[in-house]
Amino acid sequence: MLPAHSEQVKSLLELCFGDSAWTKESLRSQLEKSDSRCTVVVEDDRIIGFLAFEQVLDEGSIVEVAVHPDCRRKGIARSLITAAIQSAEGLNTVFLEVRESNTPAVGLYESLGFERIGVRKGYYQKPKEDAVLMKMTLM
Ligand SMILES: CC(C)(COP(=O)(O)OP(=O)(O)OC[C@H]1O[C@@H](n2cnc3c(N)ncnc32)[C@H](O)[C@@H]1OP(=O)(O)O)[C@@H](O)C(=O)NCCC(=O)NCCS
């Protein structure tokens with residue numbers, strides 16, 4: 001992802017997350033983090049997928065993933081996450097949090113081999129909801 005993609009990524013996140021989407025400032029600070037890598041999928045000059053991935057030593061985390069509603073169930077999120085994990089060096093485990101009610105995302109993560117390891121009570125706001133904590137251990 002390049003800084004020039006920011007406006008389109010912000011629109012995609014608003015479409016996918018509504019009120020709880022990242023602000024312009026949170027997107028900029030994610031882009032500036034040294035341990036973060038943001039990736040976009042572009043089709044005909046339109047951004048249809050976004051992933052924010054972080055790595056500290058041997059631990060990775062999926063911070064955000066979103067695919068345009070018109071382009072879902074085509075393997076885009078799976079490809080984004082798989083590519084991030086495969087291109088990371090020295091990775092041993094990957095963690096993430098997901099809203100308990102987010103069936104598509106939980107289905108995505110389980111299909112990739114993530115396992116549920118805990119619950120963070122009331123972790124999310126707008127609306128308030130528990131987070132499921134998931135982990136993948138790499139071979
Ligand atoms: C979750 C999300 C990123 C999935 O993106 P996607 O590109 O449609 O996912 P993929 O096509 O790569 O799906 C891979 C697998 O995930 C699972 N999956 C994806 N969407 C699903 C759904 N609606 N219901 C059940 N399982 C689903 C399936 O196992 C799927 O494999 P299959 O299509 O071969 O059955 C997308 O729905 C999205 O942007 N949602 C809104 C934002 C969001 O909730 N992000 C996650 C925050 S934690």
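Each value in this text was obtained by applying a stated rule to the coordinates, not by laboratory testing. For clarity, every value in this text was computed on a predicted model and none was experimentally measured. Please note: Cβ atoms are built from the backbone with ideal geometry, for glycine as well, and neighbour counts cover all protein chains shown.
Checking Glu97, Glu43 one by one, the residue that is without any contact (Cβ under 8 Å) to a residue 40 or more places away in the chain and surrounded by fewer than 13 Cβ atoms within 10 Å (Cβ to Cβ) is Glu43 and no other.
Being assigned to a helix (DSSP H, G or I), away from the ligand (no atom under 12 Å from the Cβ) and touching a residue at least 12 places away in the same chain (Cβ under 8 Å) is the filter here, so list the residues in the stretch 47-88 that pass it.
Ala84, Ile85
Evaluate the stretch 10-18: report whether one residue or more is more than 13 Å from the ligand (Cβ to nearest atom) and surrounded by 15 or more Cβ atoms within 10 Å (Cβ to Cβ). Yes, some residue in the stretch 10-18 is more than 13 Å from the ligand (Cβ to nearest atom) and surrounded by 15 or more Cβ atoms within 10 Å (Cβ to Cβ). Can you tell me which residue within the stretch 109-129, out of those that are closer than 23 Å to Asp35 by Cβ and among the aliphatic types (A, V, I, L, M), is surrounded by the fewest Cβ atoms within 10 Å (Cβ to Cβ)? That would be Ile117.
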